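One structure is given here, and the rest of the page talks about it.
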Amino acid sequence: MEVSQLRAFLAVAEELHFGRAAERLHIAQPPLSRTIKQLESELGTRLLDRSTRSVRLTSSGQALLAPAAEVLEALRRAEEAVRSAENGEVGLVRIAFAGVSTHQLVARLARLVRSNRPGIQLELSSQNFAQPAMKKLVQGETDIALGRWDVIPSMVSSRVVMKDSLVMALPDTHPLAGARRLSIARLAGDGFISLRPDEGAVLPDRLRRLAHANGFVADVVQVAPDTQTALALVSAEVGCHLTLASVARNATDPHVVFVPLEDSAADVDLRAAWRRDDTSPALKAVLDEVISLDGATAT
């Protein structure tokens, strides 16, 4: 039994007239008659009673109506699903994002995709640091990674999705808490709270570089497992913490103040990264939404 046979049968069953059914199918009447006879032969029963004046369904024909319609509807849905997948209208895109500074952007992106691409499902996974997110991307365990990296593998493309800058988090009791801007050189005698200096970690690297450029070695008095802990330690007056302007915008502790740095440093912009060889239409659709975010530039 072929789909073309079921389509022909339904046309005749609905029209109860071979001529009109043939016109509807854009074929001649003799091939339509042969198709119906072949279907009846394969099923071993008559589906239609024909006379020179009328066509009517037999009991077997009546029984075939609903299943035939279901088959054609399932075929239509399958074709539509394939077209939607090819057009990037449906699919699953996995996103690994790193750090508290990414949370608002991830929320914006998720809202855009839900509004503009309702057939695409996002699978979001949070990482404490950017390197694990990049590792997941390279290993094919995620489709997009959001983070900050100084070195990006050659197999990966990236795009800046949020400009950022360095600020110093200080206890509100610190003598420099009221400064509009400051150089890190003025903190040479202070203790610092650092994130883990893992390979590729951007903020510990920037602290080391800035201190070195200003003639001192940063005195790291405590290493925090994440940004929230680092800021809690600043609030407790344990030390200062080099962090991001995007973190400052989302901070709520009244005992922590953020002062922009006037020192120049390598960029700390947030990037979206994906594998160059990933041709998924759904991925491309989500990347189109990434591009629509303010400040997105390709690299």
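Some points to look at:
- Once both labels are positioned 7 Å from their Cα atoms along Cα-to-Cβ, the gap between Asp288 and Glu237 label points is 5.6 nm.
- Lysines whose Cα lies under 27 Å from that of Lys163, excluding same-chain neighbours fewer than 8 positions away: Lys135, Lys136, Lys284
- With Cα atoms, 0 to 90° folded angle of helix 29-43 axis to the chain main axis: 80 degrees
- Multiplying the residue separation of Arg180 and Gln228 by 0.36 nm and subtracting their alpha-carbon distance yields 14.9 nm.
- Distant-in-sequence amide H partners of Ser165 (H built 1.01 Å from N, under 5 Å): Ala245, Ser246
- Rg in Å to one decimal, and Dmax rounded to a whole Å, for the chain via C-alpha atoms: 32.3, 106
- 222 nm mean residue ellipticity, helices alone, for the chain (DSSP H n ≥ 4; -39,500 (n - 2.57); rounded to 500): -13500 deg cm²/dmol
- Ser4-Thr279 FRET efficiency (beta carbon distance; Förster radius 30 Å; 0.05 resolution): 0.35
- Loop-located trypsin sites (Lys or Arg not before Pro) in the range 1-54 (DSSP state other than H, G, I, E, B) with a sparse environment of at most 16 neighbouring Cβ atoms within 10 Å: Arg46, Arg53.
- Among Gly44, Gly215, Gly200, the residue with the largest mean-square fluctuation in a Gaussian network model of the chain, with springs joining Cα atoms closer than 10 Å, is Gly44.
- The calculated FRET efficiency for Glu70 paired with Glu123, based on their beta-carbon distance and R0 = 25 Å, is about 0.20.
- Normalised by the number of residues in the range 1-150, the mean separation of alpha-carbon contacts (under 8 Å, six or more apart) gives a relative contact order of 19 percent.
- The chain, relative contact order [Cα under 8 Å, separation at least 6], %: 22 percent
- Unit Cα scatterers, Debye sum, the range 71-196: log10 I(q)/I(0) for q = 0.15, 0.20 Å⁻¹: -0.89, -1.16
- With 0.36 nm allotted per residue and the present C-alpha distance subtracted, the His17-Ile152 stretch has 41.8 nm of extension available.
- The share of accessible area on the range 181-283 that comes from carbon and sulfur is 49 percent, using a 1.4 angstrom probe.
- Rg/Rh (Cα only; Kirkwood hydrodynamic radius) as it applies to the range 176-294: 1.06
- Dipole magnitude of the chain, debye to nearest 20 (Cβ charges: Lys/Arg +1, Asp/Glu -1, about Cα centre): 880 debye
The values are calculated or read from the model by the stated rules, or taken from the named source; none is laboratory data. Remember, it's a predicted structure, so these values are computed and weren't measured experimentally. Here Cβ is always computed from backbone atoms with ideal geometry, including for glycine, and neighbour counts include all displayed protein chains. Areas reflect the complete protein model, heavy atoms only, side chains present, ligands, DNA and RNA absent. Shrake-Rupley method; radii C 1.70, N 1.55, O 1.52, S 1.80 Å.
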